[in-house]
1. Identify all residues within segment 14-25 that are small (Gly, Ala, Ser) and open to solvent by 70 Å² or more (accessible area, probe 1.4 Å); write none if there are none.
2. Inside segment 26-55, can you point out the residues that are more than 30 Å from LEU65 (Cα to Cα), of a type outside the set (S, T, N, Q) and surrounded by fewer than 17 Cβ atoms within 10 Å (Cβ to Cβ)?
3. For ASP62, which of the numbered conditions (1) among the charged types (D, E, K, R); (2) open to solvent by 70 Å² or more (accessible area, probe 1.4 Å); (3) farther than 15 Å from ALA12 by Cα; (4) modelled with pLDDT of 90 or more fails to hold?
4. If you go through segment 1-13 one residue at a time, how many are open to solvent by less than 70 Å² (accessible area, probe 1.4 Å) and either of a type outside the set (S, T, N, Q) or under 17 Å from TRP100 (Cα atoms) (or both)?
Amino acid sequence: MSLWFDIARIAAGINVLLLAVLVGIWGRNYLEFRSKHTLGLGMFACFLLAENILSLYIYMLDPTLSAWFASDVPAIAWRAMMALHVLETIGLSFLVWITWD
């Protein structure tokens, strides 16, 4: 397995954790305030959470795709996918920080 593959998987896993925190906070806020804004943020986080869970499933559990991603995907594609996951992790970390505050 390549370094890019490992970094992308780790970043996707961190994204799942960060999004779970955001869903919890925004869900609690929606139940308290009934604001469409918090509902929209919660729905956004749920869809992004589903995307990251699917990514982890493809990278780690699916018997066909995980083997293909681990061995046959060119390094340039992995660098791009890793960059997207890492940038998402940075953005979500900042969002968790300002939401938690």
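1. Of everything in segment 14-25, nothing turns out to be small (Gly, Ala, Ser) and open to solvent by 70 Å² or more (accessible area, probe 1.4 Å).
2. Matches in segment 26-55: GLY27, ARG28, LEU31, GLU32, PHE33, ARG34, LYS36, HIS37, LEU39, GLY40.
3. Tallying (1) among the charged types (D, E, K, R); (2) open to solvent by 70 Å² or more (accessible area, probe 1.4 Å); (3) farther than 15 Å from ALA12 by Cα; (4) modelled with pLDDT of 90 or more, ASP62 fails exactly one: (2).
4. 8
The values are calculated or read from the model by the stated rules, or taken from the named source; none is laboratory data. All values derive from a computational prediction rather than experimental measurement. Heads up, the Cβs are rebuilt from the backbone with ideal geometry, glycines too, and the neighbour counts pull from every protein chain shown. When the accessible area is computed, the model is the full protein with side chains, heavy atoms only, and any ligands, DNA or RNA have been set aside. Shrake-Rupley method; radii C 1.70, N 1.55, O 1.52, S 1.80 Å.
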